[in-house]
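The values are calculated or read from the model by the stated rules, or taken from the named source; none is laboratory data. Note that the coordinates shown come from a computational prediction; the quantities given were computed from them, not determined experimentally. For accessibility, only protein heavy atoms count, side chains too; no ligands or nucleic acids. Shrake-Rupley method; radii C 1.70, N 1.55, O 1.52, S 1.80 Å.
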Amino acid sequence: MTTSSEATTAAPAVAVLGSANADLVVEVDRRPAGGETIIGSDLQQFAGGKGANQSAACAKAGSSTLFVGCVGEDSNGEFLVRSLEQAGVDVSSVNRIAKPSGTAIIFLTPDGENSIVVSPGANAAFDVEIAKATQPVWSRADAVVMNFELPMATVNYVAAAAATHNQRVILNAAPAFSVDEATLRVCDPLVVNEHEAEVVLGEKLDNYERVAQALRGKGARSVVITLGGDGAVAADEDGVFRIPAYEVDVVDTTGAGDAFVGALASELSAGTTLRGAMEFATAMSAIAVQKHGAQPSYVTRNVVEAFISENQTRSQ
Ligand code: RIB
């Protein structure tokens, strides 16, 4: 294992501590039932993993971005690191582990929706020791982004440490697990989709404005709930508001939530308001669903800005 802990370069705006996966995608007409074999498309491979995706989107949105994560000493590890480099991400704190790189097996249906099984591989080795070893580097960022494809103990350690460094903590509670109370209290924002929101809250409510407020009531400093075609709802100290979605042709939703989180982190670290950051992130994600793959569907800031100015009219 190699670990870079030298703080030799300029401080990054955003540090993403997270997972990297090789996404193995098969297009299918429908999901197979238990015990059933169906025939799908040729296999395609894309660079993915929630953490790597979020860092690629953040860098493309224009922020200096550090990715801290673990990949295997294998060709997929090379592939994943190269994809991040191409997106402009600082990969000097990526650890090479004697395990296979993380892999995601993805079934993509004609409506652009997916079913994903993640085999964590090297990502599971991202323990508290690695978080501590890389802390001199990630603790210099303005904001820290994490998701739940990391061991929970690592997420909780980094959240607590980041709060003591006065770093903004952006937690994407995906895949869905409940959030430790102390970690929830430093989230600004907690970012969840509909399903994750219910898991974190522990109950169903009749509308997402109420869910967002209830999650704040549980301790999060601010909350963003992404709702796909229904936009996103947020709650912060100024109240609750909704950002509408763009109407676009959906080809592949894989990584669209990560595009949102990465773009949101980029904007927030630059001092944009939560509402403004969500406007930008919604556009980044609307562009991402129109292309195949996670990281290959992310675009640079100027493309997002052009899309926003060309699409002023949206459903409310
Ligand atoms: O959020 C999408 C990502 O989830 C995919 O890229 C896949 O790797 C899984 O981690």
Please give the contour-minus-distance gain from Asn207 to Gln44: 0.36 nm per residue of separation, less the Cα-Cα distance, rounded to one decimal in nm.
-> 54.9 nm
Using a 1.4 angstrom probe on heavy atoms only, work out the carbon and sulfur share of the accessible area of the range 66-133 in %.
-> 54
Taking every pair of Cα atoms in the range 181-223, average 1/r, invert it to obtain the Kirkwood radius, and report Rg/Rh to two decimals.
-> 0.92
Calculate, axis by axis, the spread of Cα positions in the range 166-286 along the three principal axes, and write the results as whole Å, longest axis first.
-> 38, 32, 25
Taking every pair of alpha-carbon atoms in the range 70-187, what share in percent sits in each 5 Å bin, from 0 to the bin with the longest distance?
-> 2, 10, 17, 20, 21, 16, 9, 3, 1, 0
Full-extension gain in nm, Lys132 to Ser92, via 0.36 nm per residue minus C-alpha separation = 12.9 nm
Going residue by residue through the range 85-92, the Karplus relation 6.51 cos²θ - 1.76 cosθ + 1.60 with θ = phi - 60° gives ³J(HN,Hα) values, rounded to whole Hz and with x marking Gly or Pro, of 4, 5, 7, x, 8, 6, 10, 5
For Ile130, Ile105, give the ranking by accessible area with the largest first, probe 1.4 Å.
-> Ile105, Ile130
How big is the Cα convex hull of the chain in projection, averaged over all directions, in nm²?
-> 15.6
Kindly report, to the nearest 10 Å², the accessible surface of Val289 as traced by a 1.4 Å probe over protein heavy atoms only.
-> 20
Restricting attention to the alpha-carbon atoms of the range 144-223, what are Rg (one decimal) and Dmax (integer), both in Å?
-> 11.7, 38
For Gly49, list long-range residues whose amide hydrogen, built 1.01 Å from N in the peptide plane, is under 5 Å from its own amide hydrogen.
-> Asn21
Cα-based Rg of the range 1-81 per 2.2 N^0.38 Å, rounded to two decimals?
-> 1.45
Would you list Phe67, Phe46 from the most to the least accessible area, probe 1.4 Å?
-> Phe46, Phe67
Kirkwood hydrodynamic radius over Cα pairs of the range 228-316, then Stokes diffusion coefficient at 20 °C and 1.002 mPa s, in µm²/s | 164
How many lysine pairs are close in the chain, with Cα atoms under 30 Å apart and the two 8 or more places apart or on different chains?
-> 12
Counting sequence-distant residues (5 or more places) and residues on other chains, those with an amide H built under 5 Å from that of Lys99 are Glu73
